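J.: Structure below; questions to follow.
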Amino acid sequence: MSRVASSSKIPGTVSERPRKTVAALLLSLCLTGAVAAPVEIDRIVAVVDNGVITEYELQRRVERALRQIAEQRAPAPPRRLLERQLLERMITESVLMKIAEDTNIRFDGVALDRAIARIAQRNNLSPEAFREALAADGVDFDEFRQQIRQEMTISRLREREVENRVVVTDAEIDNYLANQARDADRRDEYRLAHILVLTPEGASPEQLAELRAKADQARAELTVGADFTQVSAAYSDAQNAIQGGDLGWRGEAQLPSLFADAVRDLKPGEMTPVLRSGNGFHILRLLDKRGKNVQLVVTQTRARHILVKTNEVVGDSEARNRLLQLKERVEHGGDFAALAKAHSDDLSASRGGELNWLNPGDTVPEFERAMDALKPGEVSAPVQSPFGWHLIQVLERRDQDVTQERQRLEARRAIRERKSEEAFEDWVRQARDRAYVEKRLDNES
C-alpha cells in the first residue's frame, strides 16, 4: 500500500503527483497487454484539526494491538470493533500531541535515546540487543521510538496541565486518616480491571443513550463469559484498554468514591453493574483483593551524593569518567562533602551532597538499589538514573518509627493520585470535545 501525503490538498483527495504515477502505471499495463489490477492507495480515516490519520497508520496500530493481545493469550475482538476503538484513541492522542506541540513540549533525540536505554537496562539488555529483540518480536524500531516519544510528551503534558495544579489540603488528609482509623480492619487494596466508555461534554440525550447501550453491550458480553481483555479492546476508551484495562493494585482511598463503594463487597472475579460518572460509563471487575499491611517502622538511610547531569555537551561516558576520578580521590582521603560542593549539579551540593534521612521509596529505583547495597562509609561506583550519574556514599542507617509522618505522606500521595486521574480524564475529554474531528472510517470505498 502506498502512502499519500495530503497536507496541502483538500482532505481526502489524492495529490497530483501520486495520481499521475498511478495513471502512468495503468497506461503502461494496458500498453503491454497486462491485466491491470486495482491499485490501492492510502486513504484518510480521520481529520483532526489540521492533521489527518490514514488507513495505513490505523492498520499498523491494529496489527500492534493484535500482537499485544496474542501475547496475553486472550482472544482478539472483531477487527472492525478494534479499528473503531483504536481510531478513537488515535484521535485523542493526536489532539494531545497538537496541544503539546503548540505549547513547546518536545523531546529531542538525546532524551529519547536515554529513555530507550533505560527501558533496555530494565530488561537487562544493551541498546543494541534490545533493538534486536524488538525486531525479533516484529516491532519496528522507529515506530517504537515514536510511541515512547508520544508517551513521554503526554506524560509531561499531564504533569503541567493537571498534576501541578492538584491541591491536597490538610483537611482532606485529616479526613482520610480519620476514615482509616474508623475502619482499621479494612485497609484493603484492590486489583481492578476497568472498561470506560467516554461521554463527550454536553452530550445530547440521544448520544448518552447510544453510549449507555454500548456499555450495556460490553457488560452483556462479559456476563456470558467473554474474555475481559477482548471486550476491553473492543469497547473501552481507556488508554490501557489493549492491556485489558488492568489498573494494578490500589488502596481504597486511591479509588474514586464511586469505584470504592461499588467494589467493596465484590469477590474476586465478580464485576460491577454499569456505573455512571461525569466522564462516562464504567465497568469494573475485581481481579484480586488483599489486606494492606501498614509498615510502622522502617529502615532509614542517611546518604549523600554527587550528581553529574548529562546534556548535549556532557555525555554518559564523560559523566561516568568524572565520577570515577572523584571516587578515586575520595578513596585516597579526599573530602566527599568538599568534592560535592565543587562538582555536583544537584541542589544538595551546597550541603556537601547531604540528602538527610531517606525512607524506602523516597528516591528513584536505580538510586535506591545502589544505596541499599552499600555499607555505612562505603562509596558506590557511578550509578545512572533519569537525573544523570551519581556517586553515592551511605553515612549511617537506623530503624525509625515513622507512623504519623508516613501515614500523612501516604494519605497525601493517595489523594493526589486519585484527584489527578479524575482531573486528567476530565481535561482530556474537554480537549477532545474542543477539537475539530471528522471520522471517515465507515465511508467504505
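Only the coordinates and a few stated rules stand behind these numbers; no lab work does. Bear in mind the structure is a predicted one, so any value in this text is a computation, not a measurement. We place every Cβ from the backbone using ideal geometry, glycine too, and count neighbours over all the protein chains shown.
J.: Among D237, D316, D142, D49, rank each residue by its count of other Cβ atoms within 10 Å, from fewest to most, as a rough exposure measure.
T.: Placing the least packed residue first, the sequence is D142, D49, D316, D237.
J.: Within the set K98/K309; K214/K267; K98/K267; K267/K439, which residue pairs have Cα atoms separated by over 32 Å?
T.: Distance filter (> 32 Å) returns K98/K267; K267/K439.
J.: Within the P(r) computed for the stretch 293-357, what percentage of the Cα pairs occupies the region above 20 Å?
T.: Considering the stretch 293-357, 38 percent of its Cα-Cα pairs are separated by more than 20 Å.
J.: Name the residue, out of E55, E405, E270, whose mean-square fluctuation peaks in a Gaussian network model built on the chain with Cα pairs under 10 Å.
T.: E405
J.: Excluding L125 itself, what net charge comes from residues whose Cβ is under 10 Å from its Cβ, given Lys and Arg +1 and Asp and Glu -1?
T.: In short, 0.
J.: Ok, one more. Could you give the length gained by full extension between S350 and E128, i.e. 0.36 nm per residue of separation minus their alpha carbon distance, to one decimal place?
T.: 76.0 nm
J.: A follow-up question, please. Quick one: what are the phi-derived ³J(HN,Hα) couplings along the stretch 200-213, Karplus 6.51/-1.76/1.60 with θ = phi - 60°, whole Hz, x for glycine and proline?
T.: Each residue's phi maps through the Karplus curve to give x, 5, x, 5, 6, x, 5, 5, 4, 5, 5, 6, 4, 5 Hz.
J.: Right, something else. Determine the gain in length on full extension of the stretch R329-E270; use 0.36 nm per residue of separation and subtract their C-alpha separation, reporting nm with one decimal.
T.: The span from R329 to E270 would gain 15.1 nm if fully extended.
J.: Where Rh denotes the Kirkwood radius from the mean inverse Cα pair distance, what is Rg over Rh for the stretch 175-246?
T.: On the Cα set of the stretch 175-246, Rg over Rh gives 1.15.
J.: 5 Å is the cut-off here: which amide hydrogens, built 1.01 Å from N in the peptide plane, fall below it relative to T54, excluding neighbours closer than 5 in sequence?
T.: Those qualifying (amide H under 5 Å, at least 5 residues apart or on another chain) are V45.
J.: So how tilted is helix 79-102 from the main axis of the chain? Cα-based, degrees 0 to 90, rounded to 10.
T.: The answer is roughly 60 degrees.
J.: In the Gaussian network model of the chain, springs joining C-alpha atoms below 10 Å, which of A414, A342, A435 carries the largest mean-square fluctuation?
T.: A342
J.: Right, next: To the nearest 10 degrees, how steeply does helix 141-161 sit against the main Cα axis of the chain, on a 0 to 90 scale?
T.: Result, in degrees: 60.
J.: So, counting K/R as plus one and D/E as minus one, what does the shell of residues with Cβ under 15 Å around T169 add up to?
T.: Its environment carries a net charge of +4.
J.: Further, regarding this structure: So for the chain, considering every pair of alpha-carbon atoms, how many percent are separated by more than 38 Å?
T.: 39 percent
J.: Please work out the Kirkwood hydrodynamic radius for the stretch 298-401, using every pair of different C-alpha atoms, and report it in angstroms with one decimal place.
T.: With all distinct Cα pairs of the stretch 298-401 included, I get 13.6 Å.
J.: Using a 10 angstrom cutoff on alpha carbons, build the Gaussian network for the chain and name the most mobile of E83, E128, E57.
T.: Of E83, E128, E57, the Gaussian network model singles out E128 as fluctuating most.
J.: Hey, another quick one. Under 5 Å between amide H atoms, partner at least 5 residues away or on a different chain: which partners does L395 have, H built in plane at 1.01 Å?
T.: R302, A303, R304, G377
J.: By average Cβ neighbour count within 10 Å, what is the ranking of 160-166, 423-429 from highest down?
T.: In descending order of packing, they fall as 423-429, 160-166.
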